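Here is the structure we will look at.
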There are 4 protein chains.
Amino acid sequence: MSAALLELGRQVLATQGFSRLLGTELSAWDERGVRLELAIDDRLSQQNGYVHGGVLAYLADNALTYAGGGALGAAVLTAEIKINYLRPARGTRLIAQGTVLHAGRTQAVCRCEIYARHEGEDRLCAAAQGTIVRAPAPVVSNTRKTDNQD
Amino acid sequence: MSAALLELGRQVLATQGFSRLLGTELSAWDERGVRLELAIDDRLSQQNGYVHGGVLAYLADNALTYAGGGALGAAVLTAEIKINYLRPARGTRLIAQGTVLHAGRTQAVCRCEIYARHEGEDRLCAAAQGTIVRAPAPVVSNTRKTDNQD
Amino acid sequence: MSAALLELGRQVLATQGFSRLLGTELSAWDERGVRLELAIDDRLSQQNGYVHGGVLAYLADNALTYAGGGALGAAVLTAEIKINYLRPARGTRLIAQGTVLHAGRTQAVCRCEIYARHEGEDRLCAAAQGTIVRAPAPVVSNTRKTDNQD
Amino acid sequence: MSAALLELGRQVLATQGFSRLLGTELSAWDERGVRLELAIDDRLSQQNGYVHGGVLAYLADNALTYAGGGALGAAVLTAEIKINYLRPARGTRLIAQGTVLHAGRTQAVCRCEIYARHEGEDRLCAAAQGTIVRAPAPVVSNTRKTDNQD
């Protein structure tokens, strides 16, 4: 069952243009949590050569969303995230670990830690917390895009 | 003076590999706030065709950082951001407006609103709040990268 | 209509044991926002004589909840809040101003600024942002308390 | 050494008028974390009889601050906190557990979970994350109160 969920997750990730652009990989996903990985390259940098904070925020957003989606078992939306940057991120690889703190009927609150692999060591670079909500059932079924958070 | 600041800001943006990858533009910057813009294309999408939340988080991170940097007048680090997603973002262009709420000697607290231009209308899609801190003076001057937040 | 809403708001506030304990007053409330006030006294202090950050967080929580409730027009729950402390708060009075940033069918995202009145001046001491959600309809109608966020 | 730290922590707590008002107890404190406890009574309620969210936010603020203070080994200020409310809190006792995620020279990022003891069970009611910063050295030594965050 976890293998099927992981396969589904990879299919969803492949439909995210932004995740394809960055090259994000889904390496684990079950109802308790998720692990996303991303190879660091120069395209991801800020002005001092470190990974841009926006990349870490993207990764946290995605990890929290997967974690919440795994717990809620449904199409979900990310309502909000908060991220603390702990250290400049550099090295060869980012690893984001998302876990479910609490899941109810309509929302899940999740946490995420992001590590940067540098000289063989994984160092904690950022920590996030956020809310994932069940996407409302579409009101009009033949519309592909609905402004469903309104 | 604002023109010089804007020019400096564009030079910094041009050294951010990630901002070059996405095509972010700095359209205004002074000591009270900043405006960043980003053309929406398929590379920025999530699985339903909207702009990925991670793109909005990146834009918020960058706008908050510029806003704080303009107020603190110095090299800065982003300590933390919080973003609420209000509506799915779609259309042709994202506009992020960052403003300074309070700036002290060592930190600035800033806010940001992100709008998506769709069918001629700018709709509020996300709202953020975060803390920007003055980067500590480097301890060793001949080292290019220092883990200066530790 | 605003007068009726204000009267309702004061009745609700009077049923909050914690707001009675602190002496919180509701001075304005309509569908766009709210103002709560609280006289500063020694009972609210932290170890340096300033107002305890927890008092500011309580006031932000309450202001965000009223703001969201005014916009959603229904019984609401506070899902999450984020608060930045900008200055130590001291003086005679705290004034919290809550406003609605965006309200949809099921949630409202609101902001709040807290001022401390000191020597005739209102100084911004804290800024908050949070999510208010519509309370789910109770499943069992004759039960006073239901764990309705689960 | 932990016993001395715990004793110091209790002395600080006793000088917080607000913590005395509520009756908060410090039951554990070392450089890795802290535990604060608070008996639930009607004075802490919101309009539905549960514990007011502001009480949970106060407790999170205090637990994060103690956790950060233990790690930084110095006088500290709380820069910001974010709290997610997971379940309505009711029962006989609140227990807040604060831990240090990362501590650098000038700031610590901490997390906190708050449990409500109800019918013999401790249920997770809220989760927080925040930033604690080292208080700057006072510029003028003979002034008791300085606006030291400015």
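For the reader, a short list of remarks on this structure follows.
- Selection from the range D:44-65 of residues that are of a type outside the set (Phe, Trp, Tyr) and farther than 22 Å from D:Gly9 by Cα: D:Leu44, D:Ser45, D:Gln46, D:Gln47, D:Asn48, D:Gly49, D:Val51, D:His52, D:Gly53, D:Gly54
Residues are listed down the side, and each one gets a yes or a no for (1) touching a residue at least 12 places away in the same chain (Cβ under 8 Å); (2) under 19 Å from C:Gly91 (Cα atoms):
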site	(1), (2)
C:Arg20	no, no
C:Glu25	yes, yes
C:Leu44	yes, yes
C:Tyr66	yes, no
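- Set A:Gly98, A:Gly91: member being of a type outside the set (A, V, I, L, M), buried (at least 21 other Cβ atoms within 10 Å of the Cβ) and under 22 Å from B:Phe18 (Cβ atoms): A:Gly98
- Enumeration of residues in the range C:11-24 that are in a loop (DSSP other than H, G, I, E, B), of a type outside the set (Val, Ile, Thr) and facing chain D (nearest Cβ under 7 Å): C:Gln16
- Selection within the range C:91-111 - at the interface with another protein chain (Cβ under 7 Å from one of its Cβ atoms) and assigned to a loop (DSSP other than H, G, I, E, B): C:Gly104, C:Arg105
- Check on D:Leu22, within 15 Å of C:Val55 (Cβ to Cβ) and among the hydrophobic types (A, V, I, L, M, F, W, C): yes
- For the range B:35-58, the set of residues classified as at the interface with another protein chain (Cβ under 7 Å from one of its Cβ atoms) and within 13 Å of the chain's Cα centre (by Cα) consists of B:Gly54, B:Val55, B:Ala57, B:Tyr58, listed by residue number.
- Hey, A:Ile114 touching a strand residue (DSSP E or B) at 6+ places or on another chain (Cβ under 6 Å), among the β-branched types (Val, Ile, Thr), in contact (Cβ under 8 Å) with a residue 12 or more places away in the chain and at the interface with chain B (Cβ under 7 Å from one of its Cβ atoms) or not: no
- Count of residues meeting criterion [at pLDDT 95 or above and in a loop (DSSP other than H, G, I, E, B)] in the range B:25-45: 2
- Test: residue in the range B:46-63 that is surrounded by fewer than 22 Cβ atoms within 10 Å (Cβ to Cβ), without any contact (Cβ under 8 Å) to a residue 24 or more places away in the chain and not small (Gly, Ala, Ser): yes
- Some residue of the range C:49-58 being part of a helix (DSSP H, G or I), modelled with pLDDT of 95 or more and out of contact with any helix residue (DSSP H, G or I) (no Cβ under 6 Å at 6 or more places or on another chain): yes
The values are calculated or read from the model by the stated rules, or taken from the named source; none is laboratory data. Just so it is clear, the structure is predicted and the values come from calculations on it, not from any experiment. We place every Cβ from the backbone using ideal geometry, glycine too, and count neighbours over all the protein chains shown.
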